[in-house]
Amino acid sequence: MKKVFLGLLAALILTVPAFAHPLITVYVDGEQLSFDQPPIIQDDRTLVPMRKIFEALDAQVIWDEADQTVMAMHNEDIIMLQIGEAGLYKNGELVYTMSVPAQIINDRTLVPLRAVAESLGASVAWDGVKYVIDIHSDGTSKKPTGSEQQAPQVGGYTSSVLAADGTEVLHVELKCDEVAGQAAVNTAMAQATFNEGKAFLQTYKAQALQAYANDPNGFQPYYCVGAYNVTRSTNGYASFLGTVSSYAGGTEQAQYTSHTYAMSSGRECALSELVSDSQADLQALWKASFTALIEADEDAFYSDAESRLARSLNQVQFYLTDSGIVFYLSPGIIAPAATGAVSFEIAYQI
């Protein structure tokens with residue numbers, strides 16, 4: 001098979017999907033706010049147009065152009081802050097020192113949302129996966145939907161971890177395609193997504209809760225989100241490719257994973273069951289093929305990509321297509337994560 005594979009080599013680069021953040025949506029007591037200047041995130045703090053958010057919370061706003069000062073009156077309380085200054089004052093007392101102060105953007109005054117809302121007695125819940133902010137003016141917190149799933153379910157795994165105040169600090173959502181008429185395969189994939197999602201939750205639950213307790217204003221919710229898509233469901237085999245994005249502090253990580261099942265039983269198949277080549281022959285194929293990709297576009301890879309490859313041959317994964325087998329290495333192994341997963345496809349009949 002090795003010679004056949006090398007003779008039919010078709011190289012390609014799989015890029016990581018761009019997990020672009022959507023516009024931030026803000027709800028106050030269940031009603032969505034509309035802004036002429038969209039909310040922004042700066043240094044992990046959400047800033048919103050001041051007048052809209054103050055008025056939504058029943059506060060009267062006074063803007064002093066000369067002093068660049070905002071004053072909001074709410075019931076018997078007076079909130080004050082100044083453009084470019086870190087302090088937020090309530091009835092003359094400093095109640096917040098903001099790491100990102102109020103500022104003017106596109107001729108609109110933007111203020112830190114959480115500091116402003118909480119100074120007026122409101123609660124703020126942030127969904128870092130959907131980029132939705134849910135504010136309750138009475139100080140209560142509406143718990144997000146998606147409480148921890150306790151058993152595998154066809155179609156994917158969803159789970160949430162909530163802090164004591166109802167804020168979602170960790171979210172897992174792994175979706176999965178279903179193969180029509182293949183209950184055994186769908187059950188097996190349900191178990192696989194459950195195991196993956198549960199592992200992330202158990203690994204990072206305590207860390208997420210502690211990070212939120214340490215810095216609730218600046219906390220970025222942890223998440224693991226992605227989808228498994230069918231790449232083949234013919235001739236007795238079903239194969240899935242999963243693209244998953246996760247965040248647990250630091251930077252977002254992208255990962256590819258895959259599963260191939262015998263449709264008759266739902267049993268997961270190892271590569272050795274599908275091809276007759278020895279592991280040594282397969283590794284020789286992988287080394288030659290990935291090296292060819294590196295040499296064809298050196299700028300897309302790490303400068304030491306070939307030595308990295310030599311140490312990473314045991315991390316090569318595969319999935320089936322209708323025309324053959326795709327072998328791949330996940331992002332960040334021999335090329336920067338931004339380059340994506342590196343793969344090549346061999347035309348092969350299974």
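The values are calculated or read from the model by the stated rules, or taken from the named source; none is laboratory data. Remember, it's a predicted structure, so these values are computed and weren't measured experimentally. All Cβ positions, even for glycine, are placed from backbone atoms using ideal geometry, and neighbour counts span all protein chains on display. SASA here: full protein model, heavy atoms, side chains in, ligands and nucleic acids out. Shrake-Rupley method; radii C 1.70, N 1.55, O 1.52, S 1.80 Å.
Working from the pairwise distances between different alpha carbons, so that the mean of 1/r is found and then inverted, what is region 284-333's Kirkwood radius in Å?
Hydrodynamic radius (Kirkwood, Cα only) of region 284-333 equals 11.6 Å.
Per-residue accessible area for Asp277 at 1.4 Å probe radius, Å² rounded to 10?
Asp277 exposes around 20 Å² with every protein chain in place.
Classify region 235-346 as rounded, prolate or oblate from the Cα gyration tensor: take a ≥ b ≥ c as the square roots of its eigenvalues, call it rounded if a/c is under 1.5, otherwise prolate when a/b beats b/c and oblate if not.
Oblate is the answer for region 235-346, as a/c is 1.5 or above yet b/c matches or exceeds a/b.
Count the lysine pairs in the chain whose Cα atoms lie under 19 Å apart, taking only pairs 8 or more positions apart in sequence or on different chains.
Counting lysine pairs in the chain gives 7.
Whole angstrom only: what separates the Cα centroid of region 154-173 from the Cα centroid of region 42-103?
Computed from Cα coordinates, the inter-centre distance equals 32 Å.
Which entry in (i) 23.3; (ii) 20.7; (iii) 25.1 matches Kirkwood radius over Cα pairs in Å derived from the coordinates of this structure?
(i)
Around Tyr348, which amide H atoms from residues at least 5 apart in sequence, or from another chain, sit under 5 Å from its own amide H, with H modelled in the peptide plane?
Close amide H contacts, sequence-distant or interchain: Gly324, Ile325.
With a point put 7 Å past each Cα toward its Cβ, work out how far Ser99 is from Ala292 in nm, to one decimal.
The modelled label-to-label distance comes out at 4.9 nm.
³J(HN,Hα) across region 200-217 via Karplus (A = 6.51, B = -1.76, C = 1.60, θ = phi - 60°), whole Hz, x for Gly/Pro?
With the stated coefficients, region 200-217 comes to 5, 4, 5, 5, 10, 4, 5, 5, 5, 4, 5, 5, 5, 4, 6, 8, x, 6 Hz.
Show the residues, 5+ positions off or on another chain, whose built amide H is closer than 5 Å to the amide H of Met98.
When sequence neighbours closer than 5 places are left aside, the close amide H contacts are Gly87, Leu88.
Just from its helices, what would the mean residue ellipticity at 222 nm be for the chain, if runs of 4 or more DSSP H residues each count -39500 (n - 2.57) and the sum is divided by every residue, rounded to the nearest 500 deg cm²/dmol?
-7000 deg cm²/dmol
Taking a probe of 1.4 Å, how large is the accessible area per residue of the chain, in Å²?
Here the per-residue accessible area is 48 Å².
Tilt of helix 279-296 relative to the longest C-alpha principal axis of the chain, in degrees (0 to 90, nearest 10)?
It works out to around 60 degrees.
Give a residue-ordered list of calculated ³J(HN,Hα) values for region 247-263 (Karplus: 6.51 cos²θ - 1.76 cosθ + 1.60, θ = phi - 60°; whole Hz; x for Gly, Pro).
9, 9, x, x, 10, 5, 10, 10, 9, 10, 9, 8, 9, 10, 10, 6, 5
Could you give the length gained by full extension between Ala199 and Ser137, i.e. 0.36 nm per residue of separation minus their alpha carbon distance, to one decimal place?
Stretched out fully, the Ala199 to Ser137 stretch lengthens by 18.7 nm.
For region 220-350, give the percent of accessible area contributed by carbon and sulfur heavy atoms, probe 1.4 Å, rounded to a whole number.
Of all accessible area on region 220-350, carbon and sulfur atoms account for 46 percent.
Which FRET efficiency value, to the nearest 0.05, do you get for Asp299 and Leu23 by plugging their Cβ-Cβ distance into 1/(1 + (r/R0)^6) with R0 = 30 Å?
0.35
Just grab the label-to-label distance for Glu268 and Asp44, each label 7 Å out from Cα along the Cβ direction, in nm (one decimal).
Taking the two extended label points, one gets 3.3 nm.
Take the Cβ-Cβ distance between Glu76 and Ala347 as r, set R0 to 56 Å, and report the resulting FRET efficiency rounded to the nearest 0.05.
With a Förster radius of 56 Å, E is 0.15.
Can you tell me the length gained on complete extension of the stretch Gln210 to Val154, counting 0.36 nm per residue apart and subtracting the Cα distance?
17.0 nm
Separation between the Thr69 and Asp36 pseudo-spin-labels, each 7 Å from Cα along Cα→Cβ, expressed in nm?
With each label placed 7 Å out from Cα toward Cβ, I get 2.6 nm.
Please sort 207-220, 226-239 by packing, taking for each peptide the average over its residues of neighbouring beta carbons within 10 angstrom, highest first.
Packing order, densest peptide first, comes out as 226-239, 207-220.
Pop out the ³J(HN,Hα) list for region 49-66 in order, Karplus 6.51 cos²θ - 1.76 cosθ + 1.60 with θ = phi - 60°, rounded to Hz; leave Gly and Pro as x.
These are the phi-based 3J(HN,Hα) values: x, 5, 5, 4, 6, 5, 5, 5, 9, 6, 10, 8, 10, 10, 10, 9, 5, 4 Hz.
Once amide H atoms are placed 1.01 Å from N in the peptide plane, what residues at a sequence separation of 5 or more from Cys269, or on another chain, have their amide H within under 5 Å of its amide H?
Under 5 Å from the amide H of Cys269 lie the amide H atoms of Thr260, Tyr261, Ala262, each far enough along the sequence or on another chain.
Rounded to the nearest 0.05, what FRET efficiency do Ala184 and Ser323 have when you use their Cβ-Cβ distance and R0 = 30 Å?
0.75
For Thr339, what accessible surface area do you get with a 1.4 Å probe? Give it in Å², rounded to 10.
The accessible area comes out at roughly 30 Å².
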